Amino acid sequence: APASRLLAPSRESVPTRCHPERSREAAESKDLPRPRRGNAPACSTQKRSALSVSEARFWARVGVLAALALVLGYIETFIPLPVPVPGIKLGLGNIAVLAALELLDVRAGACVAAVKVLAAGFLFGNPLMMLYSAGGTALAFAAMAALTRISGLSVVLVAIVGAVLHNIGQLAVAGVILGTSLVWWSAPVLVVAACATGAVTGMAARYAIGCLKGAR
């Protein structure tokens, strides 16, 4: 071979200039994962999954309390009261409503109260009783939802206020349906009875809330 070809360096043997910074950046860029288009970041996916789990847990607890309200409403139909005044009830379903307000929030309490009125009315009552119960429950729930936001207030007191307003709401619905104000003559008896039944319901609710807090 000619001496010129032997002395001329080939392309493969020519050394390239080495740039340490560029080579280091290239190596690091190869190690980094490239984000894919159209895929959400992993952190947002984890947040969504955490929210979905907490939301599912919330509604599961609401379902348990709603079922408890139905069971208590069914048990109440077998408990006779010695007072022959219409409209007087123990109101055991309010135990579940109070538990939802104390342990969860107003939204959960509203769902449990709605199930108590609608499902219990269809299963254990009639449309007229459902209407009376809806009027009383709406007034009682508004007061109990406001009172449970006050820290340090006794659950028994909240239950008594709810029971009294429940009977007053039922009397208001009865006065509208019957078109007379004579129904208000039974208000003193219903208020006194509501204080007694509300105290019983409140003590039971306080015990149930303590048990449910320990089970969480």
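The values are calculated or read from the model by the stated rules, or taken from the named source; none is laboratory data. Please read all numbers here as calculations on a predicted model, not as lab measurements. Reconstructed Cβ throughout: ideal geometry from the backbone, glycine too, with neighbour counts over all protein chains shown.
Observations on the structure shown:
- Single condition ARG107 does not satisfy, out of (1) among the basic types (Lys, Arg); (2) surrounded by fewer than 19 Cβ atoms within 10 Å (Cβ to Cβ); (3) over 20 Å from the mean Cα position of the chain (by Cα): (3)
- Segment 71-104: number of residues that are hydrophobic (A, V, I, L, M, F, W, C), over 16 Å from the mean Cα position of the chain (by Cα) and surrounded by fewer than 19 Cβ atoms within 10 Å (Cβ to Cβ): 7
- Of all residues in segment 156-187 being among the hydroxyl-bearing types (Ser, Thr, Tyr) and not in a helix (DSSP H, G or I), the one that is nearest to GLY210 (Cα to Cα): SER181
- In segment 113-129, the residues that are part of a helix (DSSP H, G or I) and either within 23 Å of VAL64 (Cβ to Cβ) or of a type in the set (Gly, Ala, Ser) (or both): ALA113, ALA114, VAL115, LYS116, VAL117, LEU118, ALA119, ALA120, GLY121, PHE122, LEU123, PHE124
- Candidates ALA143, ALA174, ALA138, ALA199 - the one that is in contact (Cβ under 8 Å) with a residue 12 or more places away in the chain and either buried (at least 19 other Cβ atoms within 10 Å of the Cβ) or acidic (Asp, Glu) (or both): ALA174
- The criterion of at least 1 residues that are basic (Lys, Arg), at pLDDT 60 or above and farther than 30 Å from TRP185 by Cβ is met by the following helices (runs of 4 or more DSSP H) wholly inside segment 1-112: 42-76.
- Considering (1) outside any helix (DSSP H, G or I); (2) over 20 Å from GLU102 (Cα atoms); (3) among the hydrophobic types (A, V, I, L, M, F, W, C), the lone condition that LEU190 does not fulfil carries the number (1).
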